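Here the structure comes first, spelled out in structure tokens, and everything after it is commentary.
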Amino acid sequence: MEDDERFETEEEAEEYGLVMLSNCNTGAEVLHMSNPGDYPLDDDDADPDIVVVEV
């Protein structure tokens, strides 16, 4: 996922990335709880990398 947010520091950008990753994981869990057959949890999938680009 690409996001066009801009931050003052690299730390702020990384924190934002971690929050978005947490939100994504929570969403996957909620979908799995609502219908596990259609939305299985993939424990083998690694979390995506957070890439901070300086502009």
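The values are calculated or read from the model by the stated rules, or taken from the named source; none is laboratory data. For clarity, every value in this text was computed on a predicted model and none was experimentally measured. For accessibility, only protein heavy atoms count, side chains too; no ligands or nucleic acids. Shrake-Rupley method; radii C 1.70, N 1.55, O 1.52, S 1.80 Å.
Starting from the alpha-carbon convex hull of segment 5-55, give the projected area averaged over all orientations, in nm². Could the numbers behind the result be given before it?
Values: hull surface 16.7 nm².
Its average projected convex-hull area is 4.2 nm².
Need the full-extension length gain, Glu10 to Asp38, defined as separation in residues times 0.36 nm minus the C-alpha distance. One decimal, nm.
6.3 nm
Carbon and sulfur atoms: what percent of the 1.4 Å accessible area of the chain do they account for? Present the calculation step by step, with values, prior to reporting the outcome.
On the way: 2450 of 5110 Å².
Ligands and nucleic acids excluded, carbon and sulfur reach 48 percent.
What ³J(HN,Hα) values, in whole Hz, does the Karplus curve 6.51 cos²θ - 1.76 cosθ + 1.60 give for segment 7-20 when θ = phi - 60°, with x put for Gly and Pro?
10, 7, 10, 5, 5, 4, 5, 5, 4, 4, x, 5, 5, 5
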